[in-house]
Amino acid sequence: MEDSEWIYMLEKMQDIKYFSRVMILRATKEYQIPAEHLELLSQLAVSNEKLTPRSLSKLMNVNKTIISRIIDKLNSMGYLTKTKDEKDKRSYFISITELGKEQLDNIYKHYLGPIYDLRRKLGEENFSELMTRIEEANVKINEHREDFK
């Protein structure tokens, strides 16, 4: 095949997969929390707004049914609470509990260790540049996804 562009792109895809696999640690028995559960708790911990299942679904780009299951599981574990919306009785807000914050504190070092290590090795300027490019790529990917909806 004369056009080797697909070979180059395949190599780049493999580079991205390797980077993701190395940077994103999986849940371990010690922490007993899947990555999507951790992401939801993290969203709650850093948000300055009241979040609903729908807003979490959009933020995380995850189906609302899956978000509802995660919320139910984390609620049963005592990591978050549901508060009825006084204006719309059918809706509710989600907030992280002290136990949920404690769980996040306990596992951040585990999950964030690789990104802290990368920042230290790259240096602040190169790390910031990498993160800027990743954020730009995420915007473009989301724009492309919107075109197909």
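The values are calculated or read from the model by the stated rules, or taken from the named source; none is laboratory data. Everything numeric in this text was worked out from a predicted model, so none of it was measured. Note that we place each Cβ from the backbone using ideal geometry, even for glycine, and neighbour counts take in every protein chain shown. Heads up: the accessible areas ignore ligands, DNA and RNA and are worked out on the full protein's heavy atoms, side chains in. Shrake-Rupley method; radii C 1.70, N 1.55, O 1.52, S 1.80 Å.
Considering (1) open to solvent by less than 50 Å² (accessible area, probe 1.4 Å); (2) of a type in the set (D, E, K, R); (3) over 21 Å from ASN48 (Cα atoms), say which one ARG90 fails and leave the rest. The number of the failed condition is (1).
Filtering segment 44-63 to residues that are open to solvent by 90 Å² or more (accessible area, probe 1.4 Å) and part of a helix (DSSP H, G or I) leaves VAL46, ARG54, LYS58, LEU59.
HIS144 meets the conditions (1) surrounded by 14 or more Cβ atoms within 10 Å (Cβ to Cβ); (2) assigned to a helix (DSSP H, G or I) in every case but one. The failed one is (1). Is it fair to say ILE70 is surrounded by 12 or more Cβ atoms within 10 Å (Cβ to Cβ), free of Cβ contacts under 8 Å to residues at least 40 places away in the same chain and of a type outside the set (D, E, K, R)? It is true that ILE70 is surrounded by 12 or more Cβ atoms within 10 Å (Cβ to Cβ), free of Cβ contacts under 8 Å to residues at least 40 places away in the same chain and of a type outside the set (D, E, K, R).
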